[in-house]
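Inspection log for the structure reproduced underneath, given as structure tokens.
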Amino acid sequence: MKKMILLLVALLLVFPSMNVDAKKKKKKAKYKVTKVTNGGSITGKAVFAGGAKKDETVTLTSEQSLCGDTLPAEKYLVNGKGEIKNVVVYLDGIKKGKALPKDKALVDNVMCVFVPHVSLGYKGNKIDIINSDPVFHNVHSYIKGKTIYNLGLPDPGSKVTKKMKKTGVMEVKCDSHPWMLGFVFISQHPYTALTNEKGEFTISDIPAGSYKVKAWHEGLGEISLGKVDVAAGKEAMVKAEFK
């Protein structure tokens, strides 16, 4: 009996320490910057399988004298060929590669909308949040429902600069104007791209290897593009098709 008690005590001492070690290892799994020579690229296009898709319209409940009665939501910027603007395409889980861009991210309040509507940001970098309107804006941003920033911008030219400490899709709202909505996709690595008005994107300087690729859109959701093989100095083609 005494031996069994000692064995149980020993197990209790060992397993918690193993769990702590596992958590430490998970926490240390950060993106590593390395020199990339003769990197490859992934290029392609984001399309909507149903062809052209009509954008939505938002109705203003205030500031009509400044901004009008209605505004385009900019949610579905899909042209007649089904090509989608503002899709974020990214490598999922890449561990090492080129350095992060040093540019700041931006959220500006312009004529009662957020400009840009969708943008890219990188963990550790800074973001400028600006009010270019002659009215009060309260910019309130969230990641997975948790507040990241809650900022009052009372005057034209008001500006607050913050560090981006979290990763994920940051939803940007205005507590003063409920129709306003924007997004900043914050990544811990630089292998992300935002599609243009023709749905085109390119992710460059990728170390040779096989990578999981995903695409996210605010209204059409997130899809997997599968694994893409990238050869040194070569271009791999993919298609992000939303349905």
If I go through the range 169-216 residue by residue, how many of them are surrounded by fewer than 19 Cβ atoms within 10 Å (Cβ to Cβ), assigned by TED's automatic domain parsing to the domain that holds ILE127 and under 30 Å from GLN64 (Cβ atoms)? 6
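Residues of the range 37-57 being under 18 Å from LYS173 (Cα atoms) and under 23 Å from the mean Cα position of the chain (by Cα), which ones? I'd like the intermediate steps shown before the answer.
Of the residues in the range 37-57, the ones under 18 Å from LYS173 (Cα atoms) are 56-57.
Residue satisfying the conditions is GLU56 alone.
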So which of SER176, SER210 ends up being part of a strand (DSSP E or B) and not hydrophobic (A, V, I, L, M, F, W, C)? SER210
Among the residues of the range 76-116, how many are buried (at least 20 other Cβ atoms within 10 Å of the Cβ) and more than 30 Å from VAL36 (Cα to Cα)? 9
Please go through the range 148-168 and give me each residue that is among the hydroxyl-bearing types (Ser, Thr, Tyr) and surrounded by fewer than 15 Cβ atoms within 10 Å (Cβ to Cβ), ordered by number. THR161
Taking the range 179-207 as the region of interest, how many residues are farther than 17 Å from LYS98 by Cβ and part of a strand (DSSP E or B)? 8
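To keep it simple, each residue is scored yes or no on (1) out of contact with any Leu (no Cβ under 8 Å at 6 or more places or on another chain); (2) among the hydrophobic types (A, V, I, L, M, F, W, C).
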{"position": "PHE114", "(1), (2)": "no, yes"}
{"position": "ILE130", "(1), (2)": "no, yes"}
{"position": "HIS137", "(1), (2)": "no, no"}
{"position": "ILE148", "(1), (2)": "yes, yes"}
Any chance the range 127-134 includes a residue that's out of contact with any Ser or Thr (no Cβ under 8 Å at 6 or more places or on another chain), surrounded by 14 or more Cβ atoms within 10 Å (Cβ to Cβ) and touching a residue at least 60 places away in the same chain (Cβ under 8 Å)? yes
List the number of the failed condition for GLY121; all other conditions in (1) more than 28 Å from GLU197 (Cβ to Cβ); (2) surrounded by 12 or more Cβ atoms within 10 Å (Cβ to Cβ) hold. (1)
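The values are calculated or read from the model by the stated rules, or taken from the named source; none is laboratory data. What you see is a predicted model; the values in this text were computed from it and never measured. Heads up, the Cβs are rebuilt from the backbone with ideal geometry, glycines too, and the neighbour counts pull from every protein chain shown.
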